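Scroll down for the structure; my scribbles are underneath it.
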Amino acid sequence: MTTFARSLAAVSTWACAAAVLAACSSTLVLNTGDVQESISQGLSDQAGGTFAVVCPSTAPAEKGFVFTCTASDATDGSAYTVTVTQVDDAGAFTWDVVDPAPASPTPAGPTPSGSGG
């Protein structure tokens, strides 16, 4: 892993908020465009440079819902997996860069709560 990648991974957890949109079915949906912009700006602030971030097109606004995005460094093409965790039902989330790895945005589901029978 390069020094740049180590530095990026070491300081990559952020707490953010994204707009939550109400769909016709009254299910709240996270605006993943806002998530992408927030992660891109955060990476640029931390590591310098420009990052293109791609997340799934939709995600329900649900506390504990986890999904992944891909961040690509425009300078050298390095790709990073970014894990996004929603911390409430109102659009607040944290994100964390995982070691560089081949990745593509993945739809995900709620993380296991461990509160089963």
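Take the residues in the stretch 41-58 that are surrounded by 14 or more Cβ atoms within 10 Å (Cβ to Cβ) and of a type in the set (A, V, I, L, M, F, W, C), then tell me which one is modelled with the lowest pLDDT. Looking at residues that are surrounded by 14 or more Cβ atoms within 10 Å (Cβ to Cβ) and of a type in the set (A, V, I, L, M, F, W, C), I get 47. Against the conditions (1) at pLDDT below 95; (2) closer than 23 Å to residue 29 by Cβ; (3) surrounded by 17 or more Cβ atoms within 10 Å (Cβ to Cβ), residue 82 satisfies every one except (1).
The numbered conditions (1) among the polar types (S, T, N, Q); (2) under 14 Å from the mean Cα position of the chain (by Cα); (3) not in a strand (DSSP E or B) are all true for residue 46 except (2).
Does residue 70 qualify as being among the polar types (S, T, N, Q), part of a strand (DSSP E or B) and either surrounded by fewer than 14 Cβ atoms within 10 Å (Cβ to Cβ) or at pLDDT 55 or above (or both)? Even if it seems obvious, please write down each step before you answer.
Numbers: among the polar types (S, T, N, Q): yes; part of a strand (DSSP E or B): yes; either surrounded by fewer than 14 Cβ atoms within 10 Å (Cβ to Cβ) or at pLDDT 55 or above (or both): yes.
Considered against the rule, which asks whether it is among the polar types (S, T, N, Q), part of a strand (DSSP E or B) and either surrounded by fewer than 14 Cβ atoms within 10 Å (Cβ to Cβ) or at pLDDT 55 or above (or both), residue 70 comes out as yes.
The values are calculated or read from the model by the stated rules, or taken from the named source; none is laboratory data. Model, not experiment: these values are computed from the prediction. Reconstructed Cβ throughout: ideal geometry from the backbone, glycine too, with neighbour counts over all protein chains shown.
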